[in-house]
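Heads up, the thing below is written out as structure tokens.
The values are calculated or read from the model by the stated rules, or taken from the named source; none is laboratory data. Note that the structure is predicted; figures quoted are calculated from it, not measured. In this analysis, Cβ positions are derived from the backbone assuming ideal geometry, glycine residues included, and neighbour counts consider all displayed protein chains.
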Amino acid sequence: MDPRATALVVIDLQRGVVARPAAPHASSDVVARAVRLVHAFRRAGAMIVFVHVGFSADDRDRLKPHADQPAVPAAQMPPDFAEFVDELPIADGDLRIRKRQWGAFYGTELDLQLRRRGVTTLVYTGIATNFGIESTARDAYERGYEQLFVEDAMSGLTAEAHQFAVSTIFPRMGRVVSTDDAIAKIGG
């Protein structure tokens, strides 16, 4: 990978998401591996993107379709729901994207900022595999980005959902790798 054309995309490693149960990898393990990736990618000169989901206090900026499992209203979320976890080494030069749905492209400046910086390859870590990461990856695929999915640095809400995305969806859009493989590929 060319570090100048690569971005590490850290999806939803925020207090309200990391506090939930995750599988097959514990949230704490995902955060620890994400930190390793951030350090390695930063050393190599790659772009780092921190994505989080959050809503306005009146909750009017969020999708609310009629659904069998509707989203929890913003008023019921902890006040620090959208804050990145303290372990993440966020630096001034990193891109921060706030989204209001599962995917990080729609309604944000992510695509614009990646293209202006010449980024063509995205590497993913975060929670949840089958929500934020998969939705973002599907949009990135349709925009022509190369993609790497760091399997042991992401987790789903269930092991089955994670495994389905990793074994069925992601191999059709890019390559599935381990944390060690991603660090070796970036040269960090």
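Restricting the first member to the stretch 1-18 and to residues that are in contact (Cβ under 8 Å) with a residue 24 or more places away in the chain, and the second to residues that are surrounded by fewer than 18 Cβ atoms within 10 Å (Cβ to Cβ) and among the hydroxyl-bearing types (Ser, Thr, Tyr), the beta-carbon pairs closer than 7 Å and six or more apart or on different chains are 5/120. Being out of contact with any helix residue (DSSP H, G or I) (no Cβ under 6 Å at 6 or more places or on another chain) and surrounded by 18 or more Cβ atoms within 10 Å (Cβ to Cβ) holds for only one residue in 183, 127, 133, and it is 133.
For the stretch 1-53, residues that are of a type in the set (A, V, I, L, M) and assigned to a helix (DSSP H, G or I) total 12. For the residues 132, 144, 126, 118, the requirement of being closer than 24 Å to residue 26 by Cα, at pLDDT 95 or above and outside any helix (DSSP H, G or I) singles out 126.
Take residue 138 and tell me if it is assigned to a helix (DSSP H, G or I) and either farther than 24 Å from residue 40 by Cβ or among the small types (Gly, Ala, Ser) (or both). Against the criterion (assigned to a helix (DSSP H, G or I) and either farther than 24 Å from residue 40 by Cβ or among the small types (Gly, Ala, Ser) (or both)), residue 138 qualifies. When the stretch 47-89 is filtered for residues that are loosely packed, with under 10 Cβ neighbours inside 10 Å, of a type in the set (Gly, Ala, Ser) and without any contact (Cβ under 8 Å) to a residue 12 or more places away in the chain, only 67 remains.
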